[in-house]
Amino acid sequence: MESARAIDYQNDYALGDDQYLTFSLAGEEYGIPILKVQEIRSWDRVTPIPNSPPYIRGVLNLRGLIVPVMDLRLRFNLKEIEYNALTAIVVINVGGRMAGLAVDSVSDVIGVSAHQHCAAPEYEGQKEREFIMGLVQAEGKLLVLLDVERLVGLEVLENATNSGLSR
Amino acid sequence: MATILTVDDTASMRQMISFTLNSAGHEVLQASDGNEALKVLQGKKVDLVICDVNMPNMDGITLVKSLRELVEYKFTPILMLTTESQESKRQQGKSVGATGWIVKPFNPEQLLTIVKKVLK
Amino acid sequence: MAIDMRQFHDTFFEESLEGLAHMETELMHLEKVFASNPDDDSVASNPEIMNTIFRAAHSIKGGSSTFGFGDVAEFSHVLESRLDALRDGRCRPDRHVVNLILKAVDCLRGLIVAARHGKPADMSAVQLVRSQLEALQEDELASSRTRDLPAPSAGSTAAYARWRIYFRPQPQFFHTGNDPLRILRELDGLGVLKVQTDLSGLPAWEEVDAETCYLAWTMELSGEVTRDAILEVFDWVIEDCKLDIEPLPVASDKPQPLVAPDAVHSVDNHSGSIRVSTPKVDALINTVGELVITQSMLSQLADNFTLECLPKLFIGISQLERNTRELQDSVMRIRMLPLSFTFNRFPRLVRDISHKLGKNVDLRISGEQTELDKTIIERISDVLMHLVRNCLDHGIESPAERAAAGKPERGIIELKAYQKSGNVVIEISDDGRGIQRERVFAKAVERGLMSADAKYTSKEIHDLIFLPGFSTAETVSDVSGRGVGMDVVRSNIAELGGGVELDSEEGRGTCFTVRLPLTLAILEGLSVQAGDHVYILPLVSIIESIRLTDDQISRPAGGNEIFALRQEYLPLVRLHDLFHLKSRPTSLGQGIIVVIEADGKKAGLYVDDLLGQQQVVIKSLETHYHRVEGISAATILGDGTVAMILDASGLVRMAHVPSAVAADAAGSPDSNALMIAGAPANPTGHELRN
């Protein structure tokens, strides 16, 4: 368990001594709460969903469940790459809704305690800021902690399904 | 423990009685009316019969009467499930040989107490 | 040890609601019998009818008080006493009485449903009916047969330290299964008991009959015990013995504690359950058994596999296929319930509404044993009711009108159900006035939907009633036409994967035909190839498939592409455009046009190739994603990949919309997307993933 000097960002909520699954994306390290991670799969055949946003690659068959897969590089406006056997899909489960996040590779699980978070300075890449829960220094590298609910746009998804977009 | 037959046309009552008596270690047989009760009893011996009064095909009173005509059940305790207002039914039951009655509504504890008293 | 009564609640609710349905049927039966012979004592000559009705109410009363549903118990108690009056002949089952009792049944149903969902019931209606029940005239005898539940007996509350009890059972005492020893044991439990046996009644040994009771007992019971407590021990046998109870007074005034039954009020979560007939379960068990055999056979083969085993392997696999299909059938059959579950409500409905409208209607039901998936039955129920109400309201004429038209005074509404080629068909027909072509046409012209001088087929005019807000009723009666229009009926049926058609002849009658799939979970589909992927098209929406060449397509006024099919012109839907697929055939002739139909409209769907027919399991896309226009669900193919199931209704709808609008609506990711933070809003400037 790495002790890390953390940078608190948006909200004041106490994170406690949480465990995060870390993965890399275009050279950057990111982390998501381990409690929200259901499993990790290797890249598999994905069926595209017609007229979906570009960062939604499609859906895959997770033991009989139809789960959408999001390409995080495209979500963050990073350069798109060809997926191969090293590519991992992190399957998250937020309140019963599941989604797969396609990332370059999965790293480690690290523990972060509340007082280690602190606010981040303003920096370019404004769009990603919405998904960032905090920044942490780990092993000399900067770790970006992601807000999974925001990432998968679940609140908005809820609104979309409720407002009659789907019937 | 004992083998008890419960006869009632409502499944929920049978289930509740069955479950309650099972939890005290008794074996419970079920029937939904008098006719079925007599069938169920063939080739078996029970230590106690608990039956409802109002049932289709063969009601409780007739069942008690029929049971008392069988040698094996001449002295077996038979309890009828009645409601407060069915005084005449209770009398009728007694006249054809019922041992006693349990008044509805009853809770599981009351049932267990009465059964315990009646079984040797 | 506490037993949780909640586990029995579901059963109680189910059987009570069933009981109420029986009551209804029998009450209406009784009413008919009485109406045809008012002077006869219909109740006495049809004892079984009354007994069934009474038993149902009695069971509900007993169960509800046992399981602690006070409101239900009280109300059913009042109802039961009225039914008693009916049974005795103190009351006659004329229309007024039967109406009141049917209303009481409704109240009781409401109370039970409220209890089931843990919500408070509407007591105002209940109070009203209750007071009406209580006011029902009793012809002769004042009844004290039914008393209110008496308060627990306040007997003597004096407790004495010593009692003298003399107990002499009568000779036949054993014949009721009672045992004096039990009584002695119980008395012993109340305090300290000293017993003296009185053997004076014993005859000489040779004359002793084991089945006769000769003994008596004199006892002294010490302890703070009330007379009531002692009497309670003798409760069952008080008339079968000589009993003397004498106190040996001490002073005390302890009130006897009353033991109240536990009021188990609980919130019941109705989780949805199915009652399955035993034969169905047996069939399932058999099939699974065969599956196990096949599996072990294949397993054995795998253990020592050589190429010589190949023929056996093929046999095994085809057996597996058969087993799987049978298993699937068996399991689906478990979810199937006969339509009678829904049809049962209609006699009552028809009776009530026809009375209200002053019309005479006979309801004929056939095919009610036709089975349908439980979920579909639940959801089709309201639709069917709406259609029947429609017949009653708009279809069947008043008796005067019918007489003037030379029709029999009693109108007929027929509910027919049967299975046909993988679907269940329900026909709702009446012999009423039929759809008034001229009135509907006039309304359509008024609304600008049709032009006054064009010629339309009857079918086209009939179809108009499925449009939203379309009602030609002059006054919107409170029976139907309450804004819940035929369009909702059609879309509800479409949501279930079915369709509705209507056929009508003025002056003769109308017939609605509802088609429903056997189950919601499985779809008979045609797999088609478009772009790089496979899509499934529901077989039920496919009419035919044709090949066309580019010159057979025209684009009148630069609008939608259309083609001619026999006498009609149909719009062309290019799936590649709709879904923005990358690879596509270069000319029309390289692909195939599948003519599909939904909601009475047709379209031609252009795809690369037809792959074959297959049954697929429907999997929701909306569980973890959301609805996509043109796609109804997804499925998993044999190779483990996901395939999209096309929504014929949506495709046809998009086909009939002007092209520019359709492409925009379909093509914009925003309309279907998750929140986009950082992705460009303009789809055309960005490579869409497909």
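Dividing the mean sequence gap of close Cα pairs (under 8 Å, 6+ apart) by how many residues segment C:5-140 holds gives a relative contact order of 27 percent. For A:LYS141, the aspartates and glutamates whose Cα falls under 20 Å of its own Cα, not counting residues fewer than eight places away in the same chain, are A:GLU2, A:ASP8, A:ASP17, A:ASP18, A:GLU28, A:GLU29, A:ASP104, A:ASP108, A:GLU122, A:GLU124, A:GLU128. Cross-link partners for C:LYS374 among the lysines, with Cα-Cα distance under 16 Å and sequence neighbours closer than 8 places in the same chain left out: C:LYS280.
The packing ranking of peptides C:530-542, C:328-340, highest mean first, is C:530-542, C:328-340, where packing means the average number of other beta carbon atoms within 10 angstrom of each residue. Charge tally for C:ARG653 (other residues, Cβ to Cβ under 10 Å; Lys, Arg +1; Asp, Glu -1): -2. Identify the residues of segment C:182-208 with backbone N under 19 Å of a label point that sits 7 angstrom from the Cα of C:GLU220 along the Cα-to-Cβ direction, or state none. It comes to C:184-185, C:187-199, nothing else. Using only the Cα atoms of chain B, build the gyration tensor, take square roots of its eigenvalues as a ≥ b ≥ c, and label the shape rounded, prolate or oblate: rounded if a/c is under 1.5, else prolate if a/b is larger than b/c, else oblate. Since a/c stays below 1.5, the shape of chain B is classed as rounded. The string of couplings for segment A:103-110 from the Karplus curve (6.51, -1.76, 1.60, θ = phi - 60°) is 10, 5, 7, 9, 9, 9, 10, 10 Hz, one whole number per residue in order, with x for Gly and Pro.
Bridgeable lysines around B:LYS74 (alpha carbons under 25 Å apart, same-chain partners fewer than 8 residues away excluded): B:LYS39, B:LYS44, B:LYS45, B:LYS65, B:LYS89, B:LYS94, B:LYS116, B:LYS117, B:LYS120, C:LYS242. The trypsin sites (Lys or Arg not before Pro) of segment C:369-458 that meet both conditions, a loop assignment by DSSP and at most 15 other Cβ atoms within 10 Å of the site Cβ, are C:ARG410, C:ARG447, C:LYS455.
Only helical runs count toward this figure. For chain B, summing -39,500 (n - 2.57) over DSSP H runs of n ≥ 4 and dividing by all residues gives -12000 deg cm²/dmol at 222 nm.
Would you mind classifying segment C:158-247 by shape? Square roots of the alpha carbon gyration tensor eigenvalues, ordered a ≥ b ≥ c; an a/c under 1.5 is rounded, otherwise it is prolate if a/b is larger than b/c and oblate if not. Prolate, since a/c reaches 1.5 and a/b exceeds b/c. As a calculated quantity, the FRET efficiency between B:GLN91 and C:GLN369 at R0 = 35 Å, using C-beta atoms, amounts to about 0.20. FRET efficiency for the C:ASP503 to C:SER45 pair, using the beta carbon distance and R₀ = 45 Å, is estimated at 0.55. On the basis of the beta-carbon distance and an R0 of 41 Å, C:GLU568 and C:LYS280 show a calculated FRET efficiency of 0.35. Extension gain for the segment C:GLN614 to C:ILE293, taken as residue separation times 0.36 nm less the Cα-Cα distance, is 112.9 nm to one decimal.
Bear in mind these aren't lab numbers, they're just calculated from the coordinates by the rules spelled out. All figures in this text were calculated on a predicted structure; none of them were measured in a lab. Cβ: placed from backbone, ideal geometry, glycine included. Neighbour counts: every protein chain shown.
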